[in-house]
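The structure under discussion appears below in the form of structure tokens.
The values are calculated or read from the model by the stated rules, or taken from the named source; none is laboratory data. Because the structure is a prediction, the values reported are computed rather than measured. So basically every Cβ, Gly included, is an ideal-geometry build from the backbone, and we count neighbours across all protein chains shown. Note: areas computed on protein heavy atoms with side chains; ligands, DNA, RNA excluded. Shrake-Rupley method; radii C 1.70, N 1.55, O 1.52, S 1.80 Å.
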Amino acid sequence: MVVHSISARAFNTAAQDSLFKVLQQQKADTGRVNTLFAYAMSYMPDSMQKADGIFREALRLSRQLHYPKGAADFACYYMYIQDMQGRYEESLFMVDHAVKIYAGLRDTANLMRALSFSGNEHHQLGDFPTAASRYLDALKLSDAAKDTLFSSLMNNNLAGIFINLKDYAKAFQYAEKAYRHAASIGNKRRTTAALINMGSCLVALKRYAEGEQYYRKAIRMGQELEDSAFVLKAHVNLGNLYFEQEKRPEAYQQYTQSLELSRKFPNPELLTYIYLGYGRELFNLKRYQEALSYVEQAITMAKQYKAINELRWGYMVASNLKATLGHYEQAFALREQFEALNDSLTGDAARNNVMLLEMQYQSEKKDRELTAKELQLARKDLQIQQKNMWIFLFLIAAALLLATAFFIWQRLKHRTHLQEQQLHTMEAEKTVQVLEAMIQGEEKERTRLSKDLHDGVGGLLSAVKMHFGALKHEQPALKTDKSFSHAMGMLDDAIGEVRKTAHNLMPELLARMGLAEAVRFYCHNVSHSRHLTISCYAPDSIGRFKGNFELSVYRIVQELVNNIIKHSQATEALVQLTRQEHLLSITVEDNGIGFQETRDAQAGMGLNALQSRIRALNGNLEIAAAHGQGTTAYIEFNIAIMQLAEIG
């Protein structure tokens with residue numbers, strides 16, 4: 001189990017006041033961004049809402065300053081708030097983006113941190129091979145930087161992976177290495193975390209007395225640190241130890257004590273384990289209904305926080321309870337769910353993938369050690385050669401010259417790389433700004449044309465119709481004149497076409513009724529029964545979005561339908577809008593002649609512009625076309641990411 005914990009501490013009013021005074025005097029620069037992050041963290045975890053607002057202010061300033069490190073730092077800080085709400089996929093998306101930024105900036109210290117956070121999110125979501133890959137990448141960097149504290153953290157995280165994969169001997173090796181690293185620098189937090197994992201390995205290997213000693217020591221150290229998370233986790237593991245030894249009263253006492261502690265210091269992920277263990281002990285006491293209540297709460301929390309490992313054991317305990325209560329069909333269904341999760345988490349494929357990654361890391365480590373030994377031998381050879389003074393002087397001079405040249409070259413290369421990166425970032429931002437300006441310009445021009453058509457041409461045609469109507473009453477002979485009646489019909493058609501064109505240019509229905517109603521109305525207007533029939537499925541249940549987003553999506557659908565009318569020679573078309581949670585999907589397809597023979601250079605430019613507009617909205621476009629088999633365009637928008645990207 002991965003636990004993101006912020007140590008419980010008093011509300012530091014003095015520190016907050018000091019930071020607030022600094023903020024009042026600071027300019028809007030990168031220093032202010034860093035102070036905002038420190039100010040937000042001073043409110044964690046006591047006032048999450050206050051911290052949330054400050055974090056977002058730091059993100060807005062980072063974007064305003066074109067400060068990519070600030071955006072990456074925001075992802076690494078803000079994940080604490082998202083994880084407390086069970087939003088692990090969003091945390092993972094943001095942290096992986098931070099990894100790319102830190103790698104581009106060659107910020108090794110923060111890159112290690114971001115890789116570790118990414119591993120934690122994958123671990124929480126039950127993807128053990130990917131989590132192990134992230135931890136090993138971070139461990140390589142920390143080994144190279146000789147960062148003993150961070151190496152301890154990564155070794156302990158890897159121990160947690162191997163515990164979940166039931167390779168307890170390997171897990172103990174990593175946990176013991178984490179303990180040695182932490183003890184060597186006197187870091188009690190990392191030492192306590194390693195003790196808990198070492199105890200878990202020994203309990204799994206049925207070395208109960210040794211495991212209990214490690215847990216007891218972890219409790220003492222956690223109390224010295226005044227960190228409730230360590231104390232609580234050690235008590236939960238003691239409960240499991242007594243359960244394995246079939247010491248029912250002792251196990252019940254530990255889980256009861258853990259439940260009391262969790263009420264003072266709530267920790268959602270540990271609470272899931274506590275409910276499972278307490279429910280299991282109630283089951284042994286034959287208090288079945290109480291046990292089922294706690295186990296069902298644990299399953300609900302595990303689903304909410306995507307604690308896959310805990311969910312697996314919840315299904316198993318619930319299955320046993322249902323069977324005892326005589327609900328055999330429900331028990332069988334829960335057992336099937338346990339088996340499916342168990343195979344996906346601890347199956348041979350996951351275990352082999354992690355083992356392969358670990359072997360690659362060990363192989364690379366041996367290669368580095370061999371290289372170091374070879375370097376030592378080379379130095380000894382150099383010392384022998386230095387006996388000759390002339391050669392010694394020549395070698396020193398040559399080495400200094402090469403080192404100076406290399407240093408200058410590295411500085412120039414690094415500076416060039418930073419300049420290229422900044423230029424690329426500015427070009428990308430400028431492209432998005434130009435695209436937004438073009439879209440706004442197009443909408444203004446559409447509004448102007450719509451008003452001109454509706455108020456000018458439409459009004460003029462209506463006046464002509466009124467004049468002809470009056471003429472018809474003045475000249476009774478015109479009432480039976482077929483040519484006159486035909487002309488009046490053509491005039492009605494012209495007025496209708498002008499109104500439809502004005503509506504398509506600036507649909508008032510979009511602002512009043514929303515995207516679904518506007519798309520349905522547009523498809524109905526452009527559908528021609530003799531030439532092209534357009535079917536539209538756009539349920540109102542997709543809801544409403546921000547005005548700019550709805551208008552952009554409406555124009556995208558309009559552009560795709562216009563392409564069908566102009567190029568496809570189709571007789572039937574389908575426009576479909578669907579939404580599943582945070583995903584908005586759009587499908588536009590026809591039965592025309594296909595893509596390849598209908599796209600000229602100008603159409604290709606239009607498709608590129610459409611692609612750019614969709615990417616600017618954090619969307620993705622896929623087009624499938626074959627000669628004579630029609631064309632299908634599929635678009636997806638991640639609504640949650642789009643809204644987060646528009647903060648401020």
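At least 3 residues being closer than 30 Å to Gln419 by Cβ and of a type outside the set (A, V, I, L, M) is the threshold, and among the helices (runs of 4 or more DSSP H) wholly inside segment 78-183 those reaching it are 88-105, 108-124, 128-145.
Anything in segment 261-275 that is open to solvent by 30 Å² or more (accessible area, probe 1.4 Å), farther than 14 Å from Met301 by Cα and either at pLDDT 75 or above or part of a helix (DSSP H, G or I) (or both)? List them, or say none. Passing the criteria: Leu261, Arg263, Lys264. Assess whether Ser200 counts as being in contact with a helix residue (DSSP H, G or I) (Cβ under 9 Å, 6 or more places away or on another chain), closer than 18 Å to Ala229 by Cα and either at pLDDT below 90 or among the acidic types (Asp, Glu) (or both). Yes: the conditions hold for Ser200.
Only one entry in Tyr168, Tyr214 is buried (at least 18 other Cβ atoms within 10 Å of the Cβ), at pLDDT 90 or above, over 25 Å from the mean Cα position of the chain (by Cα) and among the aromatic types (Phe, Trp, Tyr), namely Tyr214. Taken over segment 295-317, the criterion of being open to solvent by less than 30 Å² (accessible area, probe 1.4 Å), out of contact with any Lys or Arg (no Cβ under 8 Å at 6 or more places or on another chain) and modelled with pLDDT of 80 or more is satisfied by Ile299 alone. In segment 109-147, what residues are over 26 Å from Leu270 (Cβ atoms), out of contact with any Gly (no Cβ under 9 Å at 6 or more places or on another chain) and open to solvent by 20 Å² or more (accessible area, probe 1.4 Å)? Once the filter is applied, which keeps residues that are over 26 Å from Leu270 (Cβ atoms), out of contact with any Gly (no Cβ under 9 Å at 6 or more places or on another chain) and open to solvent by 20 Å² or more (accessible area, probe 1.4 Å), segment 109-147 yields Ala109, Asn110, Leu111, Lys140, Leu141, Asp143, Ala144, Ala145, Lys146, Asp147.
Residue by residue, here is whether (1) in contact with a Gly (Cβ under 7 Å, 6 or more places away or on another chain); (2) of a type outside the set (Ser, Thr, Tyr); (3) open to solvent by 50 Å² or more (accessible area, probe 1.4 Å); (4) free of Cβ contacts under 8 Å to residues at least 40 places away in the same chain holds:
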residue: Ser62; (1), (2), (3), (4): yes, no, no, yes
residue: Tyr67; (1), (2), (3), (4): no, no, no, yes
residue: Ala71; (1), (2), (3), (4): no, yes, no, yes
residue: Ala75; (1), (2), (3), (4): no, yes, no, yes
residue: Arg87; (1), (2), (3), (4): no, yes, yes, yes
residue: Phe93; (1), (2), (3), (4): no, yes, yes, no
residue: His97; (1), (2), (3), (4): no, yes, yes, yes
residue: Gly104; (1), (2), (3), (4): no, yes, no, no
residue: Asp107; (1), (2), (3), (4): no, yes, no, yes
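Taken over segment 14-38, residues that are closer than 18 Å to Gln64 by Cβ, open to solvent by less than 50 Å² (accessible area, probe 1.4 Å) and under 25 Å from the mean Cα position of the chain (by Cα) amount to 3. Taking the criterion of being open to solvent by less than 70 Å² (accessible area, probe 1.4 Å) and in contact with a helix residue (DSSP H, G or I) (Cβ under 8 Å, 6 or more places away or on another chain), the residues of segment 383-416 that qualify are Gln386, Phe392, Leu395.
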